[in-house]
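K.L.:
This structure is in structure tokens; I'll ask about it shortly.
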Amino acid sequence: MIRKIYLLIFYILFVFNSNLLSNEKNNTLKVGLLAPLSGPYSQIGYSLLYSLQLALSEINDDNVIIVPRDTGSNNKEKLSLALDEFRSSGIKIIIGPVSFDEFEQVKKYNDLTFISLSNLQSEFSKNVISIGVSLESQLIALSKFINKQKKTKTIVMYPKNEYADLIKKNLVNLKLKNFKTFTYSPDPEVLTGEIEILTNYTQRKKNLDLRKKMFEDKEDEQSIKQLEKLEQLYTLGEVNFDSVIIIDFGNNLKSVLTSLVYTDVNQDNVLFTTINQWFDESIFYENSIRNLYYPSVNYKEFKKYNDKYYNEFKKYPSEIAILAYDALGLIYYAWKNIGDINSVNNFLFKNKIKGKIGTFSFKNGKITQDLNIYKTENKKFIKF
């Protein structure tokens, strides 16, 4: 299998390149791929390449050719060389770039059209369409979910980092009657203190201590029972919110969740939600969290795709590899229905398009995805 993979890569990188210089025109779809095939992120790059091979096998059309080019790890020189080669070879539609930092560079190539896998921008730019699971799509799904649960006092929590301004800009898509924002430090030691302030933890502990003192010196049966009940509590008094949206990932997300539980936020009364976590099973082992809800892609299709990928290549794909699969599907659909692709306007479909990650909508110059809500429960992802 490994030998087959290397032969496949060799074939794509070298044999396909000779086809680029041929005189094939209307009946051939040539799609460029910008991916880090060298450097620290090469594993992601090859995962995208393998994913496109899976898509090619399903499309089963010999007239579709993938032409990959290595961009290194945010290597501007390699990216420029790849773009110049695509342009000189007549390739007009390209999957990539992977990194949002490379957007500004590709925007200069106005005669080329890019399908980016980034999720940081849902709007079409002059020549870039992003099909990543956008924050806009996630906030729309969370708004519907929180409103259905009849929660009316939401706290939107996000870290003070380089993405804070972008998150703040996207909050216009949050269709909730009443919400407030709370930004926190990525440093776990500082974070805990900040969450204590948010949850009024110190005062709620004082409330409990004061209530206990009311019954401590009394010996009647009712007072003894009251004191026994109070001994089971950590704080006394409710927080001033009934739902949270935590816009964070990985260990940072776990730190926020742990701090909320530590400050005795009642999970029976407060709805815990976050953004797409790509079905990260490590969240199962956060024993303090009973239920966590988040919007994501179609889990059945995601799992089916991962299993198919593993059966073919004996390894699991990177999280964004499935986006490359859908990107080629979108390009192929446009090509079969429109013909030559020469601008982002070729992707302004009137109807919704179903992909592996879910259903795409193309309206008002932007792409949004119809996402499902999932919850983690008993070490399973359950569609809500």
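K.L.:
Kindly indicate which of Ile338, Ile331 is at pLDDT below 90, among the aliphatic types (A, V, I, L, M) and within 17 Å of Leu29 (Cβ to Cβ).
P.N.:
Ile338
K.L.:
Can you tell me which condition Ser282 does not meet? The list is (1) assigned by TED's automatic domain parsing to the domain that holds Val270; (2) closer than 29 Å to Phe114 by Cβ; (3) among the small types (Gly, Ala, Ser), and all the others hold.
P.N.:
Result: Ser282 fails condition (2) only.
K.L.:
Considering only residues of the range 350-384 that are over 16 Å from the mean Cα position of the chain (by Cα) and hydroxyl-bearing (Ser, Thr, Tyr), which is farthest from Ile331 (Cα to Cα)?
P.N.:
Selected residue: Thr376.
K.L.:
Give the range 201-234 a look and list any residue that's modelled with pLDDT of 95 or more, buried (at least 17 other Cβ atoms within 10 Å of the Cβ) and not charged (D, E, K, R), or say none.
P.N.:
Across the range 201-234, the qualifying residue is only Tyr201.
K.L.:
To continue, here is another question. Of all residues in the range 235-274, how many are among the acidic types (Asp, Glu), over 20 Å from Leu174 (Cα atoms) and buried (at least 16 other Cβ atoms within 10 Å of the Cβ)?
P.N.:
Initial filter on the range 235-274 (among the acidic types (Asp, Glu)): 238, 242, 248, 264, 268.
Add one more test, that the residue is over 20 Å from Leu174 (Cα atoms), and what stays is 238, 264, 268.
Now drop any that are not buried (at least 16 other Cβ atoms within 10 Å of the Cβ), which leaves 264.
The total comes to 1.
K.L.:
Among Tyr11, Tyr50, which is at pLDDT 95 or above and in a helix (DSSP H, G or I)?
P.N.:
On the way: Tyr11 fails: at pLDDT 95 or above.
One residue alone meets the criteria, Tyr50.
K.L.:
Find all pairs meeting these conditions: Cβ atoms under 6 angstrom apart; at least six residues apart or on different chains; first residue within the range 48-74 and assigned by TED's automatic domain parsing to the domain that holds Leu37 and more than 18 Å from Arg87 (Cα to Cα); second residue assigned to a helix (DSSP H, G or I) and among the aliphatic types (A, V, I, L, M).
P.N.:
Partner pairs satisfying both residue conditions: Leu48/Ala321; Leu48/Ala324; Ser51/Ala321; Ser51/Ala324; Leu52/Ala324; Leu52/Leu328; Ala55/Leu328.
K.L.:
Could you check the range 64-179 for helices (runs of 4 or more DSSP H) lying wholly inside it with 1 or more residues that are surrounded by 20 or more Cβ atoms within 10 Å (Cβ to Cβ) and out of contact with any helix residue (DSSP H, G or I) (no Cβ under 8 Å at 6 or more places or on another chain)?
P.N.:
76-89, 135-148
K.L.:
For the range 218-259, name all the residues that are in contact (Cβ under 8 Å) with a residue 40 or more places away in the chain and under 15 Å from Tyr294 (Cβ atoms).
P.N.:
Ser243, Val244, Ile245, Ile246, Ile247, Asp248, Asn252, Val256
K.L.:
Sticking with this one: Suppose the filter is of a type in the set (Lys, Arg) and over 24 Å from the mean Cα position of the chain (by Cα); does Lys108 pass it?
P.N.:
yes
K.L.:
Could you tell me whether Glu102 is over 16 Å from the mean Cα position of the chain (by Cα) and either acidic (Asp, Glu) or assigned by TED's automatic domain parsing to the domain that holds Trp335 (or both)? Lay out the reasoning, then the answer.
P.N.:
On the way: over 16 Å from the mean Cα position of the chain (by Cα): yes; either acidic (Asp, Glu) or assigned by TED's automatic domain parsing to the domain that holds Trp335 (or both): yes.
Taking the combined requirement at face value, the residue satisfies it.
For every residue, the table says whether it meets (1) farther than 18 Å from Thr359 by Cα; (2) modelled with pLDDT of 85 or more; (3) of a type in the set (Phe, Trp, Tyr).
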{"residue": "Phe100", "(1), (2), (3)": "yes, no, yes"}
{"residue": "Ser118", "(1), (2), (3)": "no, no, no"}
{"residue": "Phe124", "(1), (2), (3)": "no, no, yes"}
{"residue": "Val128", "(1), (2), (3)": "yes, yes, no"}
{"residue": "Val133", "(1), (2), (3)": "no, yes, no"}
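The values are calculated or read from the model by the stated rules, or taken from the named source; none is laboratory data. Owing to the predicted nature of the structure, the values given are computational and were not obtained by experimental measurement. No Cβ is skipped: glycine too gets one built from the backbone with ideal geometry, and neighbour counts run over all protein chains shown.
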